[in-house]
Amino acid sequence: MKIPIYQVDAFTDRTFSGNPAAVCPLENWLPDQALQSIAAENNLAETAFFVRNGKGFDLRWFTPTVEVALCGHATLASAYVLFRCQGLDHPEVLFHTKSGDLKVTRKGDLLSLDFPALPPEQTKPCPALVDGLGGNPEEILASRDYLVVYRTEEQVRALQPDMQKLNSVDKFGVIATSPGVDCDFVSRFFAPAQGVPEDPVTGSAHCTLIPYWAERLRKTSLHARQISSRGGELFCELRGERVEIAGHGALYMQGSIEL
């Protein structure tokens, strides 16, 4: 059996930056173990699989170790493959996922994700969080992930987390964020328990970052950067209970998997 595979760098307009995701279009679903094995073999932060379902597509995402309920960069990569590689001639595509229906719209060269807002709330962090992340945060909140707020971009860049300690935190992942020097805010994202020590660019983390910074900065349109070693750029907007997360994509590779 041959399965098509594409690798797309998401939230960037050039290869070797942004967040790489593998995308596998399928005619029918393979067994879950096969999907997980492909993701493990790819060894990227996410591998996305989709199957046509009526006018839309069923979409699932896998890290090298687990299936996840929400992923931004692999959703953008999947839409990129449909629009740019498979000739989908529509202004938008609808994905049916474990987090509900997610829409991706073409806006010129940008692909815009319509995702749920996940605003953070006050929380009592687990002991491993600050010890594992380091630095001197100003504030700690949480939704799906911990949101750890620092005073400056320099502090976020300087973090050298202890992944073994972060592996034991009681949330999906950990977002470190601060005001940006040349943008509204910056972030980094760590999820070692999910097989992703540091994610290059994390769309789903912005479901929490956007409502936080929109309230703090008193504006709904935001320009964000994820300051991992690869780096990525996101154009964001808060729309009530939804967020818009837009970015570019760049095709790195296409081929086939032999099963």
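The values are calculated or read from the model by the stated rules, or taken from the named source; none is laboratory data. These numbers come from a predicted model, not from an experiment. As a convention, Cβ positions derive from the backbone with ideal geometry for all residues, glycine included, and neighbour counts pool all protein chains shown.
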With the condition kept exactly as written, say whether any residue in the range 221-236 is among the basic types (Lys, Arg), within 22 Å of Ile140 (Cα to Cα) and in the same structural domain as Ser178 (by TED's automatic domain parsing). yes
Residue satisfying all of: in the range 104-152; under 22 Å from Gly72 (Cβ atoms) and charged (D, E, K, R); surrounded by the fewest Cβ atoms within 10 Å (Cβ to Cβ) among these: Glu121
Among (1) touching an Asp or Glu at 6+ places or on another chain (Cβ under 6 Å); (2) crowded, with 21+ Cβ neighbours inside 10 Å - the single one Ser221 does not satisfy: (2)
Hey, can you tell me all the residues within the range 180-192 that are surrounded by fewer than 19 Cβ atoms within 10 Å (Cβ to Cβ) and either touching a strand residue (DSSP E or B) at 6+ places or on another chain (Cβ under 6 Å) or closer than 26 Å to Pro64 by Cβ (or both)? Cys183
Out of the range 74-101, which residues are farther than 15 Å from Gly249 by Cα, surrounded by fewer than 22 Cβ atoms within 10 Å (Cβ to Cβ) and among the hydrophobic types (A, V, I, L, M, F, W, C)? Leu88, Leu94
Restricted to the range 154-179 and to residues being small (Gly, Ala, Ser) and outside any loop (DSSP other than H, G, I, E, B), the residue surrounded by the fewest Cβ atoms within 10 Å (Cβ to Cβ) is Ala158
Residue match in the range 31-45 (condition: closer than 25 Å to Leu147 by Cβ, modelled with pLDDT under 95, of a type in the set (Gly, Ala, Ser) and surrounded by 23 or more Cβ atoms within 10 Å (Cβ to Cβ)): yes
